[in-house]
Amino acid sequence: MPVFSAPPTPVGSSPFRIQLTYWWRHRRFARLERPLLFTEWVQHRKLNDRDPRLPLLANKVAVKQWVAERLGDGWVTPTLWRGTELPSEPAWEFPYVVKARHGCQQSLVIRNTADHAGAVRRSRKWMRGHYGAWLDEWLYGEIEPGLLVEPFIGEGAELPVDYKIFVFGGEAHFVQVHLGRGQDHRWIVLDRNWRRVSRATQDPDPRRPASLAAMLRGAEALGAGFPFVRADFYEIAGRARFGEMTFYPGSGLEQVQPPRLDLLMGLLWRDALASASAVPSLAEADAA
């Protein structure tokens, strides 16, 4: 079993702050020099990974061309507008979506003029802030702040189901299905064969999307050459549609349940970095 030792921490990173936030959410300290869990590997990436591709691919405007070149134009939601300050009056047919291109969880569905006025105020705050700074999410500070507008791609008032695919070493292993977005938000994790690997809940297993095979192929094409990336997709009219690429899921602060899934994902990340040929199993995770 290879042993991993972290390289020197880049200037500007804060191991102390990362340990503090990790303890706050997990009630334990992270093994930053020899990560084992997935949530620890996210902290390691914050401290050490300065791959110049990451800011480009986390930029919600720039990534679209990159995805279109690899998967085709039909995978990408068109951009209606981009800039640094929303016009004071709506300029697009309702509904539409306003996003910050330089951060996460900065998105609003606009259904009327009151929503647009609120988005004008909120987006000004997005433009003033430095997303990710206090969590040491380096790549967001490398993206020029900006806004974009996209058409709403949900059906009726419902936000589309979000399929977040975890890709390790270019191979898709897990799909995190997000349900009830904008309301009672929750998620379920399944493997690529659509077997639940997260804990049992009151929700039945979600329906397998018709475009799952296409999503998996697309995620693997986008994730090639990275030890880990999460590639997000929607299914629109039976076809896969790209959402975004994420390199710090939940900032590594969200609980991964059950704990052995946190470990299994960490083993996959480790082996992708080590270019190991063997893929760890759930049995190995149980025995570790």
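The values are calculated or read from the model by the stated rules, or taken from the named source; none is laboratory data. The structure presented is a predicted model; accordingly, all values stated were derived computationally and were not measured. Reconstructed Cβ throughout: ideal geometry from the backbone, glycine too, with neighbour counts over all protein chains shown. Side chains included, ligands, DNA and RNA excluded: accessible areas come from the protein's heavy atoms. Shrake-Rupley method; radii C 1.70, N 1.55, O 1.52, S 1.80 Å.
Here are the numbers:
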read-out	value
Scan of the stretch 94-111 for residues that are under 17 Å from the mean Cα position of the chain (by Cα) and among the β-branched types (Val, Ile, Thr), ordered by number	none
Residue 135 vs. criteria among the aliphatic types (A, V, I, L, M) and assigned to a loop (DSSP other than H, G, I, E, B)	yes
Filter result for residue 116 (touching a strand residue (DSSP E or B) at 6+ places or on another chain (Cβ under 8 Å) and closer than 30 Å to residue 47 by Cβ)	no
Tally of residues being under 13 Å from residue 18 (Cβ atoms) and either in contact with a Pro (Cβ under 7 Å, 6 or more places away or on another chain) or hydrophobic (A, V, I, L, M, F, W, C) (or both) across the stretch 44-57	3
Within the stretch 106-143, tally of residues that are charged (D, E, K, R), open to solvent by 20 Å² or more (accessible area, probe 1.4 Å) and in contact (Cβ under 8 Å) with a residue 60 or more places away in the chain	1
Members of the stretch 144-162 found to be among the charged types (D, E, K, R), under 30 Å from residue 207 (Cβ atoms) and open to solvent by 30 Å² or more (accessible area, probe 1.4 Å), listed by number	155, 158
Cβ-Cβ under 7 Å pairs, at least 6 apart or on other chains, the stretch 166-185 side under 15 Å from residue 243 (Cβ atoms) and part of a loop (DSSP other than H, G, I, E, B), far side at pLDDT 85 or above and not aliphatic (A, V, I, L, M)	181/162
Test: residue in the stretch 30-39 that is surrounded by fewer than 20 Cβ atoms within 10 Å (Cβ to Cβ) and assigned to a helix (DSSP H, G or I)	no
Any hit, the stretch 58-67, residues being open to solvent by less than 90 Å² (accessible area, probe 1.4 Å), at pLDDT 95 or above and over 19 Å from the mean Cα position of the chain (by Cα)	no
Verdict on residue 88 being modelled with pLDDT under 95 and either crowded, with 16+ Cβ neighbours inside 10 Å or in a loop (DSSP other than H, G, I, E, B) (or both)	no
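Residue-by-condition table, conditions (1) among the small types (Gly, Ala, Ser); (2) in contact (Cβ under 8 Å) with a residue 60 or more places away in the chain; (3) open to solvent by 10 Å² or more (accessible area, probe 1.4 Å); (4) part of a strand (DSSP E or B):
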site: 187; (1), (2), (3), (4): no, no, yes, yes
site: 199; (1), (2), (3), (4): no, no, yes, no
site: 204; (1), (2), (3), (4): no, no, yes, no
site: 222; (1), (2), (3), (4): no, yes, no, no
site: 230; (1), (2), (3), (4): no, yes, yes, yes
site: 245; (1), (2), (3), (4): no, yes, no, yes
site: 255; (1), (2), (3), (4): no, yes, yes, no
